[in-house]
Amino acid sequence: MKIDARKFQFRFKYLFFGLLFSYILICQSCMTMRMTPKETQAYFDTSHLGFTSKTVTIQKHALHYVETGKPQNPTLFFVHGSPGSWDAFKSYLTDSILLRKFRMVAVDRPGFGYSDFGTAQDLDTQANLIEKLIVQIDNGKPVVLVGHSLGGPIIVKMAADEPKKFAHLVVLAGSVDPHMETAEIWRMVLKAKPVRYLIPGALRPSNDELWWLKDDLYALAPKLKNISCGVTIIHGTKDQLVPYGNMAFLQKRLVNASSVDTISIEGANHFIPWEHFELIRNTLVNLKL
C-alpha cells in the first residue's frame, strides 16, 4: 500500500501543532502552586479555625490574602518566595501558639496565587503594592514583616521605603546581595516570545522577576541604611539557592537598625520555613514588640 507523502506531512503538521496548542493551553493551568478556594476551606475546616480570604484592588492590581487570628492583636505579615503563594505559610497561620499573640496575614505576591496570576512585577512595584495593602487592612497595632527567599528583599524594600511603619523584620533565607545573584542568561531566553508561552503556570512570572532581581537589588542596596526597626536574619549554612553570605551582607548594611539578630542553621538548606518550623515559630513568638 502506497502512502501519499503530502497527506502524511499534512497530518503530521496538523498533529504537531494541535499537540503544541493543547500543551500551551494546559500548561497555563498546571503548576499554579496555589490552593483552590475549596482546598483552602477544607484546610481550615480540618484545623477548626476561622479565616478570612479576600481579594482587594490596589492601583488596578488584584491582591489576595488570607488572615487568621484575633483582629486586635499585633500582625505577622508573611511574604512568600518565588514561585509560591500564601499557603507557603499555612502552618504558621494555624499554629495555636502564634494565634495567642498575633493576628496573621499571608499574601499572594503580585503575579502569584490569586493576585494577578501570571503577570510579574519588579521589586519596587511589589513592595509598593503590598505596603498599600498593609495600610488598607491596618488595625493600629505593630506589624512584623516575615519574608522568605524573594520575599526577603521585598520586606527589606518596604522597611527601607517606610522606616517608621514596621516594628520588626524577619528575613528567612532572603536574597539581598546583588553580587551573589548569578547572571542566568538562560532566563532571558525563557522571557522571549514565543518561548515564554511554553513555561507552565507560576514558573513564568517567577522567571521574569528573577531575571530582574539583580538590578533590583543593586538599586536597593544604598537604601538599606534607611531601615531603623529591629531585624532578625535566619539562614541555612548549606543553602544552595540563596547563598549563606547574604546574611553577612545584610548584617553589615543595616547600620541604623535598632537591633540585628542572626540565627545560622547549621547544615540547613533553603527550605527553612518548613524544615525548621519550630525554631522559626519560637523566634516569632519571642519577638519583643
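The values are calculated or read from the model by the stated rules, or taken from the named source; none is laboratory data. This is a predicted model, so every value here is computed, not measured. Cβ placement follows ideal geometry from the backbone for every residue including glycine, while neighbour counts extend to all protein chains displayed. Accessible surface is based on the protein model in full, side chains and every heavy atom, while ligands, DNA and RNA are left aside. Shrake-Rupley method; radii C 1.70, N 1.55, O 1.52, S 1.80 Å.
A106 passes every criterion in (1) over 17 Å from M33 (Cβ atoms); (2) among the hydrophobic types (A, V, I, L, M, F, W, C); (3) touching a strand residue (DSSP E or B) at 6+ places or on another chain (Cβ under 7 Å); (4) not in a loop (DSSP other than H, G, I, E, B) apart from (1). Picking from residues in the stretch 107-119 that are buried (at least 24 other Cβ atoms within 10 Å of the Cβ) and closer than 14 Å to K60 by Cα, the one that is nearest to the chain's Cα centre (by Cα) is P110. The sole residue among V146, V156, V170 that is β-branched (V, I, T) and part of a helix (DSSP H, G or I) is V156.
Do we find that A88 is among the small types (G, A, S), under 25 Å from G174 (Cβ atoms) and outside any loop (DSSP other than H, G, I, E, B) in this structure? Show your work before the answer.
Working: among the small types (G, A, S): yes; under 25 Å from G174 (Cβ atoms): yes; outside any loop (DSSP other than H, G, I, E, B): yes.
When the stated conditions are applied, A88 passes them.
Looking at A257, A219, A248, A202, just one residue is crowded, with 22+ Cβ neighbours inside 10 Å, modelled with pLDDT of 95 or more and either out of contact with any helix residue (DSSP H, G or I) (no Cβ under 7 Å at 6 or more places or on another chain) or of a type in the set (D, E) (or both), and that residue is A257. Residues of the stretch 122-135 include at least one that is among the small types (G, A, S), modelled with pLDDT of 95 or more, part of a helix (DSSP H, G or I) and buried (at least 20 other Cβ atoms within 10 Å of the Cβ). As a summary of the residue check, F77 satisfies the conditions (1) over 21 Å from F277 (Cβ atoms); (2) in contact (Cβ under 8 Å) with a residue 60 or more places away in the chain except for the one numbered (1). Scanning the stretch 272-289 for residues that are touching a residue at least 24 places away in the same chain (Cβ under 8 Å), over 21 Å from V143 (Cβ atoms) and open to solvent by 60 Å² or more (accessible area, probe 1.4 Å), we see that the one that is nearest to the chain's Cα centre (by Cα) is W274. Go through the residues of the stretch 8-29 one by one and say whether even a single one is loosely packed, with under 10 Cβ neighbours inside 10 Å and either modelled with pLDDT of 95 or more or not in a helix (DSSP H, G or I) (or both). Yes, the conditions are met somewhere in the stretch 8-29.
Checking the structure you have, find out if any residue of the stretch 226-234 is in contact (Cβ under 8 Å) with a residue 60 or more places away in the chain and open to solvent by 80 Å² or more (accessible area, probe 1.4 Å). Lay out the reasoning, then the answer.
Of the stretch 226-234, the ones in contact (Cβ under 8 Å) with a residue 60 or more places away in the chain are 226-234.
Pick out the ones that are also open to solvent by 80 Å² or more (accessible area, probe 1.4 Å) and you get none.
For the stretch 226-234, residues in contact (Cβ under 8 Å) with a residue 60 or more places away in the chain and open to solvent by 80 Å² or more (accessible area, probe 1.4 Å): absent.
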